[in-house]
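So the structure is just underneath, and the comments pick up after that.
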Amino acid sequence: MEKLADIDPNMATREADPTTQWLDADAPGLRLSGLAFRQDNKSFARVPKASLPSGVRSLGVCTSGVQLAFKTNSSKISVRVKLDHPMRMDHMATTGSCGFDLYCGGPGKWRYFGCARFSPQENSYTAEIVSGMTCEMREYVINFPLYSGVESFSLGLDWDAEVAPPTAWRSLRPIVWYGTSITQGGCASRPGMCSTNILSRKWNLPILNFGFSGSGKGEHCVAEMLASIEDPAMYILDYEANAKLPILQETLEDVIDTIRINHPKTPIVVISRTIHCKDFYLANDTDECRKFQRETVEARRQAGDRAIYFIDGMSGDVDLFEGTVDGIHLTDYGFARQSAYLAPQLEKILKENE
């Protein structure tokens, strides 16, 4: 059979042409965000080199929530990347787990523009995302892979292109979102469809993604890591799906207490997990988990902590029976619905605590 790319040229991958200039992620005019612990201007890991649970250490290499924003008048945009421990799955598109995608327009006007396409088995690749544009100054953001680390990265532009900083964040204070595989972005078809990236674009705010697939279990050392982040705007605790009831009962109070030591007035939002199709036929402890989280928050509010909140992720408004790939992990549709459900509730909390 003929290769599909020979039948349909739109299915072919595109490498950057030889006239491309390559900039590293720390070049002037580029804003790299999503990395709270980056100190050496080299590592793209989300977690520090510290004593952490093995799953958190391994998945902390993944660049979920990492963004590169800039303005340029280049007629083309490419990426050159070497991946670090890419995670390829049977139910998640490689463009999401190992790829980059591009948005254009700026805050309030973001539009999806394209994604890096490459041989799915390659750990190093060069990919042209878009080309043939008129040479006008536009604003862009590139989202990094959800389930791969990045050992090296370069942005490819016209050799004579101008580069300028992006529009400033609405606030420099980051939202810290701790959770599970769904927080990390499993199983979006491309990185921009992960909820933290969707809401970051919507709000023009930095969001630090601390989703760890199968490993969101509220360990004290992880809580200390989260609490060490300077001047956060909000903490979101969304780890029920990994912890289940016994671990949740053991850890939730400690996670909150540990954050409160450093951030006594920062809003903390506890979110119970979303409903999905497996809830209709599997026995589980979701009702007990939801009750425990709600009661924990209510007790702390009655004790005087007015900056702690509970959001019921099981609401029928975000019923995701049609929004998953495997009965649990979200598709792009699922992430869009989840984000639309959470956005107004989180916005209200942010406003109350400005």
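Figures for the structure shown
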item: Failed criterion for Gly334 (all others in (1) touching a Ser or Thr at 6+ places or on another chain (Cβ under 7 Å); (2) at pLDDT 95 or above hold); result: (2)
item: Residue count for region 116-136, restricted to those that are over 12 Å from Arg80 (Cα atoms) and in contact (Cβ under 8 Å) with a residue 40 or more places away in the chain; result: 8
item: Subset of region 91-108 (residues that are under 21 Å from Cys187 (Cα atoms) and in contact (Cβ under 8 Å) with a residue 40 or more places away in the chain); result: His91, Met92, Ala93, Thr95, Gly96, Ser97, Cys98, Gly99, Phe100, Asp101, Leu102, Tyr103
item: Residue satisfying all of: in region 116-129; crowded, with 18+ Cβ neighbours inside 10 Å and in a strand (DSSP E or B); nearest to the chain's Cα centre (by Cα) among these; result: Ile129
item: Criterion: within 19 Å of Pro232 (Cα to Cα) and either surrounded by fewer than 20 Cβ atoms within 10 Å (Cβ to Cβ) or modelled with pLDDT of 95 or more (or both) - qualifying residue of Asp317, Asp305; result: Asp305
item: Single residue of region 164-185 satisfying the filter (more than 18 Å from Arg46 (Cβ to Cβ) and in contact with a Gly (Cβ under 8 Å, 6 or more places away or on another chain)) that is surrounded by the most Cβ atoms within 10 Å (Cβ to Cβ); result: Pro166
item: Qualifying residue in region 130-142 (condition: crowded, with 19+ Cβ neighbours inside 10 Å and either polar (S, T, N, Q) or more than 28 Å from Pro206 (Cβ to Cβ) (or both)); result: no
item: Every residue from region 1-25 that is modelled with pLDDT of 95 or more and assigned to a loop (DSSP other than H, G, I, E, B); result: Ala25
item: Filter result for the condition that a residue is touching a residue at least 24 places away in the same chain (Cβ under 8 Å) and surrounded by fewer than 17 Cβ atoms within 10 Å (Cβ to Cβ), over Arg88, Arg111, Arg80; result: Arg88
item: Boolean, Leu237 is touching a residue at least 12 places away in the same chain (Cβ under 8 Å) and part of a helix (DSSP H, G or I); result: no
item: Which listed residue is aliphatic (A, V, I, L, M), surrounded by 24 or more Cβ atoms within 10 Å (Cβ to Cβ) and in contact (Cβ under 8 Å) with a residue 12 or more places away in the chain, from Ala161, Ala188; result: Ala188
item: Residues located in region 162-202, provided they are touching a Cys at 6+ places or on another chain (Cβ under 8 Å) and among the aliphatic types (A, V, I, L, M); result: Ala188
item: Qualifying positions in region 232-280 - crowded, with 20+ Cβ neighbours inside 10 Å and among the acidic types (Asp, Glu); result: Asp238, Glu240
item: Residues located in region 211-228, provided they are over 14 Å from Val255 (Cα atoms) and buried (at least 21 other Cβ atoms within 10 Å of the Cβ); result: Gly211, Phe212, Ser213, Ser215
item: Which listed residue is among the β-branched types (Val, Ile, Thr), modelled with pLDDT of 95 or more, outside any loop (DSSP other than H, G, I, E, B) and closer than 30 Å to Glu219 by Cβ, from Val56, Val79, Val61; result: Val56
item: Output for region 64-77, where each listed residue is hydroxyl-bearing (Ser, Thr, Tyr), in contact with an Asp or Glu (Cβ under 9 Å, 6 or more places away or on another chain) and either crowded, with 18+ Cβ neighbours inside 10 Å or closer than 20 Å to Glu122 by Cα (or both); result: Thr72, Ser74
item: Every residue from region 258-310 that is of a type in the set (A, V, I, L, M) and in a helix (DSSP H, G or I); result: Ile259, Ile261, Val297, Ala299
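The values are calculated or read from the model by the stated rules, or taken from the named source; none is laboratory data. Source: prediction; values computed, not measured. Neighbour counts are summed over all protein chains in view; Cβ atoms, including those assigned to glycine, are modelled from backbone coordinates with ideal geometry.
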